[in-house]
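One structure is given here, and the rest of the page talks about it.
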Amino acid sequence: MLGLLVMLVVSQAIAHTGASGIVKQRMDAMGVLGDHARIVGDMLKRKTAFDNDAVEMAAQAFIEHGEQIPALFPDTAASRTGSETEALPAIWTEWDDFVALATRFTEDSKALATIASEINTGEQSDEEKSRVVRTAFFRASRSCSGCHERFRLEQE
Amino acid sequence: MRALWLFLAMALCAVVIGVSAVAYGHAYNTRMEQARSALFTFSDAVYSAGDPERGESVARAAGCIACHTDTENGGALLAGGVELDSPFGTFVSPNITSDRFSGIGSWTVDMLAQALLNGRRPDGKHYWPAFPYTAYAVMQRQDIADLFAWLQSTDPIQEASPEHELRIPELARVGLGLWKTLYVPVDYQPDRFSGRGEYLVEGPAHCAECHARRDLFGGVADRQLSGNSRGPEGASVPAITAVALRDWTIKDLEFFLEIGMTPEGDFTGGHMAAVIEQGTAHLSSADRQAMAAYLKSPANGGFE
């Protein structure tokens, strides 16, 4: 648990050093999401042991972030063209689609949270728990690539 | 007078070179197509043996759906209309549904084999290589028969294919005969691979189209997957040789090909997102595992 917090703090500190203001704010938020996704992913890849608490924390982070997304991308000059930004102009020209993806992500993340809390009290084996989490996590994650595909500048 | 002779001599040289080039291209293509001729006697037996369910998996691996379905704008499955920007202009993918008029519903399995292996249209003209036949040229007979069965089973959509918007003249299509001598192997060798993973990566999945450098004539000469700083849509495409992927495990790669997540927890976007979402996510885990294992093997370019 402590290790997790240290990791989150460190990864925030080293990421996106050239960005500032709203751009830095949303890049940091995305970085936190990535950290949670990695932790759940490592469990599903069986690199680490299944840990339901970590799944619940991840789901909570996803929900909070999903709800924040529209506010993190205001239609201002600093937001559109700030240094280091990877946000594509399509975000603002296709705003409704962008928001719909964020909403879907929030909804799918709520379903993940429900599943995580349900199995927390259940008596399935870790193997079975991992299987239901996998399905719900995959469902939530489709919005990540779905959004990056249209709205993020890809660079190596 | 001397100038006139010089001019005539130069003109003659140009004509001789031009004719020789076209003749060379023609001879090469004839040899190449003869090497595959066993395929073009595909009888009804093979045709009816095609398994549409397996064929869908071939279509997923080969990226047919990602390129021929305009998912972003709610386009119908395989009805085309996806734009691909290139230095030669914008290519627009055609309708390949089973519609007899707008799509390829009137094709035979031989015509599909001609298109995939030789880059030839049913009317005998060359395809622009935006259609990645330089990679498909090694596709196995059964895969083609299965793919054909699946394509024919899809919903027919009557919707004319949009025209390409190219900066090069239509006449340049003739020159593709010569172009193919550089990039399409003359022999048909679908069994030259170490295993399923290498076959998928090098053949149907055509990874090199984006992950390898292109040369002066716009082709992929060196199929090493060492990345391309000027990939499609001007984006930089990362290297995916075994060395470049040293921090990835086979499991990481399998997971990536399934949901697009990197070991760091980032999710890919751009074209790769569509390649995964419409393609590799739907493959069997055995196929994804095979691709991942090949990418991590020394056979996949040990050097950077």
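Here are a few things to note about the model shown:
- Checking the Cα-Cα distances for A:Lys47/B:Lys296; A:Lys45/A:Lys129; B:Lys180/B:Lys296; A:Lys110/B:Lys251 against a 21 Å cut-off, the pairs over it are B:Lys180/B:Lys296; A:Lys110/B:Lys251.
- Of A:Lys110, A:Lys47, A:Lys24, the one that fluctuates the most in a GNM where chain A has Cα springs shorter than 10 Å: A:Lys47
- Taking the square roots of 5 times each eigenvalue of the Cα gyration tensor of chain B, largest first, gives ellipsoid semi-axes of 33, 25, 20 Å.
- According to the calculation over all Cα-Cα pairs in chain A, the P(r) per 5 Å bin from zero is 2, 9, 18, 20, 19, 15, 10, 5, 2, 1, 0 %.
- Over segment A:58-99, the alpha carbon radius of gyration divided by the compact-protein estimate 2.2 N^0.38 Å works out to 1.26.
- Residues in segment B:94-109 that a label on B:Leu77 would reach, taking backbone N under 14 Å of a point 7 Å out along Cα→Cβ: B:96-99
- In segment B:190-271, the GluC sites (Glu not before Pro) that fall in loop regions by DSSP, at most 16 other Cβ within 10 Å: B:Glu264
- Other protein chain Cβ atoms within 10 Å, averaged over every residue that makes up A:30-41: 4
- Adding -39500 (n - 2.57) for every DSSP H run of four residues or longer, then dividing by how many residues chain B holds, sets the calculated 222 nm ellipticity at -12000 deg cm²/dmol.
- In the context of the full protein assembly, B:Arg192 retains an accessible surface of approximately 120 Å², using a probe radius of 1.4 Å and ignoring ligands and nucleic acids.
- Value in Å of the Kirkwood radius, where the protein assembly as shown supplies the Cα pairs that are averaged: 24.4 Å
- Order of exposure, largest accessible area first, which applies to A:Met43, B:Met111 with probe 1.4 Å: B:Met111, A:Met43
- For the protein assembly as shown, the dipole from Cβ point charges (+1 on Lys and Arg, -1 on Asp and Glu) about the Cα centre works out to 1640 debye, to the nearest 20.
- Using a probe of 1.4 angstrom and keeping all protein chains present, the accessible surface of segment B:152-304 works out to 49 square angstrom per residue.
- Only helices enter the 222 nm calculation for chain A: every DSSP H run of n ≥ 4 contributes -39,500 (n - 2.57), and dividing by all residues gives -26000 deg cm²/dmol, rounded to 500.
- Taking every alpha-carbon pair in segment B:208-296 and binning the separations at 10 Å intervals from zero gives 18, 47, 31, 4 percent.
- Contact order normalised by residue count of segment B:7-192, Cα under 8 Å, 6+ apart, percent: 31 percent
The values are calculated or read from the model by the stated rules, or taken from the named source; none is laboratory data. All of these numbers come straight from a predicted model, not from anything done at the bench. When we count neighbours, we look across all protein chains shown, and the Cβ atoms used for this are built from the backbone with ideal geometry, even at glycine. For the accessible areas, the whole protein counts, side chains as well, though only heavy atoms, and no ligand, DNA or RNA atoms are used. Shrake-Rupley method; radii C 1.70, N 1.55, O 1.52, S 1.80 Å.
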